[in-house]
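The values are calculated or read from the model by the stated rules, or taken from the named source; none is laboratory data. Since the model is a prediction, treat every value here as computed from it, not as a measurement. Cβ placement follows ideal geometry from the backbone for every residue including glycine, while neighbour counts extend to all protein chains displayed.
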Amino acid sequence: MTDAFGPLPAVTEPAGSAAQPMLDEQDNLGPVTPGLPDFSGSLTPSGNLRRRQLISGFAGGVQTVAAVLAVAVLAIVVYSVVARGASVLSWHFLTQDPPLIAGEAGGGIAPEIVGTVVIVALATAIAMPLGILIALYLTEFAGRWPASAFKLALDLLNGLPSIVIGLFVFGLLVVGQHQSGFAASVAIAIIMLPLIARATQEVLLLVPASLREAADALGVARWRTVRGVVLPTARGGILTATVLAVARGAGETAPLILLSSLFGNTVSVNPFGNEGLANIPYYIFTSSESAEANGFARAWGAASVLLAFILVASVVARIANSRSTLSR
Amino acid sequence: MRPADPSEAADPGAPNVRRRVRINTGGPAPGTPVAPNGAPTETSRGLPAAARRSSALTFGREAIFDVRDLDVYYGSSQAIGGVTMQIHRNLVTAIIGPSGCGKTTFLRSLNRMNDSVPGFRIDGTILYHGHDIYGGEVDAVEVRRRIGMVFQRPNPFPKSIYDNVAWAPRNLKMRDGLDERVERALRAAALWDEVKDRLHQSALGLSGGQQQRLCIARAIAIEPDVLLLDEPASALDPIATTLIEELMQTLKNRYTIVIVTHNMQQAARVAERTAFFSLDVSNGRRTGVLVEYDDTEVMFTQPADRRTSDYVTGRFG
């Protein structure tokens, strides 16, 4: 028996030599196998196990610190923005047009809020269907070669500096014409597109292959399977991906400087007008450079509004998702 | 000494298994040229086992599937070779054999579920009511519409119980009397009484056995011709397994059933006809072959092939 195990006895020998006499004295407990470890010792960790537990505890602690640090950074940013912006935040600030003469006290950022909502909504309307279709193509229909090529292209697009995208859209839609909310939406849609497509693709890959097989085996065409089984299963993840992209797109500033920085100071909802749409990121940018002391506070105020906008969007998406998802 | 565990027998690294299989090969000795279709023995070459012996069960019964010289390849490796067999209407046909012998590959070839596997390729023909399933004009979706499948692990959609059953009929333009159709399918799958009060709750809240019966209900809701069951009870407890086995006895009046199973007792209990697949390891290739195919009773009491008797008596695999 021992021969069959080869080198094993050497490992267990120390424990075995100690255990052997003890077991022999008690005898009649059945056959005694030489080289069996002593099972009667203390159950508290010792030796190597003790050492590994210490390392494990240390590593766990470092991870917790890292996680807390990330949350702390978020908390500090949110706190400092809201604390400094709070002085200007008021119903008046949210609902009034800015003063006619820039830098003058009073007035609100209503056109900026409305403009940002319009620009981002239009960008989402462009990027979300395209992004989902791209993700569906990559996961459900494309062969291995085209899929990896498209994935690479999307990653490159994701890495493109937003000012470059802004410049591109500037040349495409603004040169020879004029700035517009639509141009800004196109640029932001280009920024959002790879985010939505890649995140949606990851979610679609999480849909178990067994569900697709089940649907295939029912003799239902593939696109119906995608629509009826794959998409509903992945809906939550797709919504989350879109909200993250919206959050990213809503804060983009560089393209807006080129594409939507000239606008009137009244509320406009027309992205196809003769001038750009007012928007919060550009407002923050200009106000923070303003000579007037109050301008800085107003920049913080606008920043808190932008943060709230993103927060509300995420919360609404979460609620909508939990309402529609079938749970156990 | 050696446990009769099929998964161990299929382990390519176990040398004694390889030796054992070679000894048991009733066909050509190693080195002897095998038949061109890759079948090593008299049993599976040329005449299918079914044609060798007259069977009261198949006499005058329509053959739903007529498989001729089927070879299946995944890339460069051959999964099954030279399978010739007929599957008859309203019988339960079991496919047994050790792991890795191509049972599931064969089953999935019957309704083109292997199409999406990269490198999948077949030689030979599978005739279904006389139509070549892999014919140029044939669409896999139409094939699967007629030949349903239930998988090893229960895979209900993350939808309500009702929607699980109703989804395919809705998509296949069978919307009239949908409620009745759902009820009929659930009754046929012996699930109705357990779920009739919670049809609109998630199917994921059901137990494993209930989920598997739901999958059967889902498959028969579109009234297919054939049901392919791929080890439908292997993930279930004995009571749920018994329920599924009883279910098959009623379903065979309406459907033609092909079941792949690991479990010989299950095959003996549920199937009228049994096909035994095994691994042929000659020439250093491991290919699944049909060793013997006959009435279940014959297969378990007086099999013609040595490998079959070794397998059904638990001597290997």
Among the residues of the stretch B:272-295 satisfying the criterion of being surrounded by fewer than 24 Cβ atoms within 10 Å (Cβ to Cβ) and touching a residue at least 60 places away in the same chain (Cβ under 8 Å), which is farthest from B:Gly81 (Cα to Cα)?
B:Glu272
Conditions (1) without any contact (Cβ under 8 Å) to a residue 40 or more places away in the chain; (2) within 14 Å of another protein chain (Cβ to nearest Cβ); number of the one not met by B:Ala240
(2)
Condition first: outside any loop (DSSP other than H, G, I, E, B) and either within 14 Å of another protein chain (Cβ to nearest Cβ) or loosely packed, with under 15 Cβ neighbours inside 10 Å (or both). Can you find one or more residues in the stretch A:291-306 that meet it?
yes
Criterion first (more than 30 Å from B:Ala185 (Cβ to Cβ), within 18 Å of the chain's Cα centre (by Cα) and either of a type in the set (Val, Ile, Thr) or surrounded by fewer than 18 Cβ atoms within 10 Å (Cβ to Cβ) (or both)) does A:Ile132 satisfy it?
yes
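Let's see how each residue does on (1) of a type in the set (Ser, Thr, Tyr); (2) over 29 Å from A:Ala320 (Cα atoms):
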{"residue": "A:Ala215", "(1), (2)": "no, no"}
{"residue": "A:Leu239", "(1), (2)": "no, no"}
{"residue": "A:Thr266", "(1), (2)": "yes, yes"}
{"residue": "A:Pro271", "(1), (2)": "no, no"}
{"residue": "A:Ile284", "(1), (2)": "no, yes"}
Consider A:Gly264 carefully, then state whether it is part of a helix (DSSP H, G or I) and either away from chain B (no Cβ under 14 Å) or within 17 Å of the chain's Cα centre (by Cα) (or both).
no
Looking at the stretch B:225-256, which of its residues are hydrophobic (A, V, I, L, M, F, W, C), more than 16 Å from the chain's Cα centre (by Cα) and crowded, with 17+ Cβ neighbours inside 10 Å?
B:Leu236, B:Ala240, B:Leu243, B:Leu247
Only one of A:Gly236, A:Gly181 that is within 23 Å of A:Arg318 (Cα to Cα) and assigned by TED's automatic domain parsing to the domain that holds A:Gly115
A:Gly236
For B:Ala188, indicate whether it is away from chain A (no Cβ under 12 Å), crowded, with 19+ Cβ neighbours inside 10 Å and hydrophobic (A, V, I, L, M, F, W, C).
yes
What pairs can you find where one residue is in the stretch A:195-216 and assigned by TED's automatic domain parsing to the domain that holds A:Arg227 and under 17 Å from B:Pro158 (Cβ atoms), the other is modelled with pLDDT of 90 or more and aromatic (Phe, Trp, Tyr), and their Cβ atoms are less than 9 Å apart, with a gap of 6+ or different chains?
A:Ser210/B:Phe151; A:Leu211/B:Phe157; A:Glu213/B:Phe151; A:Ala214/B:Phe151; A:Ala214/B:Phe157; A:Ala215/B:Phe157; A:Ala215/B:Trp167
When you check B:Ala304 against the structure, is it touching a Lys or Arg at 6+ places or on another chain (Cβ under 8 Å) and surrounded by fewer than 18 Cβ atoms within 10 Å (Cβ to Cβ), yes or no?
no
Go through the stretch B:296-314 and report how many residues are under 19 Å from B:His88 (Cβ atoms), touching a residue at least 40 places away in the same chain (Cβ under 8 Å) and in contact with a helix residue (DSSP H, G or I) (Cβ under 8 Å, 6 or more places away or on another chain).
1
How many residues, within the stretch A:200-237, are facing another protein chain (nearest Cβ under 7 Å), part of a helix (DSSP H, G or I) and of a type outside the set (S, T, N, Q)?
8
Condition check for A:Ile280: in contact with a helix residue (DSSP H, G or I) (Cβ under 8 Å, 6 or more places away or on another chain), more than 21 Å from A:Val88 (Cβ to Cβ) and either within 14 Å of another protein chain (Cβ to nearest Cβ) or in contact (Cβ under 8 Å) with a residue 40 or more places away in the chain (or both)
no
Selection within the stretch A:245-261 - crowded, with 23+ Cβ neighbours inside 10 Å and in a helix (DSSP H, G or I)
A:Ala245, A:Val246, A:Gly249, A:Ala250, A:Pro255, A:Leu256, A:Leu259
Of the residues B:Thr93, B:Thr125, B:Thr104, which single one is closer than 29 Å to B:Asp237 by Cβ and in a strand (DSSP E or B)?
B:Thr93
Please verify whether A:Ala197 is within 14 Å of chain B (Cβ to nearest Cβ), surrounded by 20 or more Cβ atoms within 10 Å (Cβ to Cβ) and in a helix (DSSP H, G or I), treating the condition exactly as stated.
no
In the stretch B:293-317, how many residues are part of a loop (DSSP other than H, G, I, E, B) and of a type in the set (A, V, I, L, M, F, W, C)?
2
Check the stretch A:79-89 and report whether any residue there is at pLDDT 85 or above and under 28 Å from A:Ile190 (Cβ atoms).
yes
Per-region count, the stretch B:191-217, residues within 12 Å of chain A (Cβ to nearest Cβ) and either in contact with a Ser or Thr (Cβ under 9 Å, 6 or more places away or on another chain) or not polar (S, T, N, Q) (or both):
12
If I filter the stretch B:151-183 down to residues being within 25 Å of B:Ile64 (Cα to Cα) and at the interface with another protein chain (Cβ under 8 Å from one of its Cβ atoms), which single residue comes out as modelled with the lowest pLDDT?
B:Leu172
